[in-house]
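> Submitted below is the structure of interest, expressed as structure tokens.
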Amino acid sequence: MRWCLLLITLLCQLVFADERTPLRVMTDLWPPFRMEDAHGNLVGLDIDVLNEIGRRSGLQFDVQRAPWARGLADLQQGRADLMIGLAKTLDREQYIHYLGTPYYACAPRFYTAANAADGLQSYADLQGKLVGFVHESVYFQPFDSDTNLLKRGVNNEQQLLQMLLRGRLAAVIGTDCQVDFELLQPQYAAAIAKARYRPEARTELFIGFSRVRGLVAEQQLMGQALQKMLDEGWINQRAKRYQAQR
């Protein structure tokens, strides 16, 4: 009898999984986590993580590309279900339910023209310099809330690096696992360098759901699959595939 009940439960779960509407995921390009291949498809570590979670949980995902700030707005208004690659903040927690464990971590770093990297050795050296950042990104305190610095926000890191390359910015801030990957491109490799100053900070990356949407069962399924992947070392192992390109 117990085996019959178990079989019925499993069959119901499979049917339910097949009938689920795909969860709408908002994201933007952020190599090596999210990139476009030659056919315009999104690839990268975050896409691999979502695919593996789907394989383990039965969840399906409809990944939509949009500027990061728009993705956050869609999450806040309930027009999207979740985002991946999120840093956690108190403001965002008002409308985002984060899964309990970060799946990866990077560090915020400053970048300048190669010949100016040694001139940025402390936070105080940022004064008087025009520093670029990405709208709605979270780096570290006091930088995020510092109104005394000259800061210019743009939509993505690629814009930042192009503006730095053209001398329109004195420095930019980004996360090392993303910007270091970008700097492997020949157009940046010799012209841009990591500044001497390195904040004592860490950026943990989470998956987060829109609180407006609810989706408690989906959160539990996703959280269980993600935790198993972390316990197995699956994500760190998969990350080496992209690190090998470096």
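> What tally of residues in segment 184-200 results from selecting those that are of a type in the set (A, V, I, L, M, F, W, C) and either free of Cβ contacts under 8 Å to residues at least 24 places away in the same chain or surrounded by fewer than 13 Cβ atoms within 10 Å (Cβ to Cβ) (or both)?
3
> So which residues in segment 148-165 are in a loop (DSSP other than H, G, I, E, B) and at pLDDT 95 or above?
Correct list: Asn148, Leu149.
> So which residues in segment 130-141 are farther than 24 Å from Thr27 by Cβ and at pLDDT 95 or above?
Leu130, Val131
> Still on this structure, I have one more. Which residue out of Ser122, Ser57 is over 22 Å from Tyr188 (Cβ atoms), outside the structural domain of Ser210 (by TED's automatic domain parsing) and either within 18 Å of the chain's Cα centre (by Cα) or not acidic (Asp, Glu) (or both)?
Details: Ser57 fails: outside the structural domain of Ser210 (by TED's automatic domain parsing).
Being over 22 Å from Tyr188 (Cβ atoms), outside the structural domain of Ser210 (by TED's automatic domain parsing) and either within 18 Å of the chain's Cα centre (by Cα) or not acidic (Asp, Glu) (or both) holds for just one of Ser122, Ser57, which is Ser122.
The values are calculated or read from the model by the stated rules, or taken from the named source; none is laboratory data. From a predicted model like this one, the values you see are computed outputs, not experimental measurements. In this analysis, Cβ positions are derived from the backbone assuming ideal geometry, glycine residues included, and neighbour counts consider all displayed protein chains.
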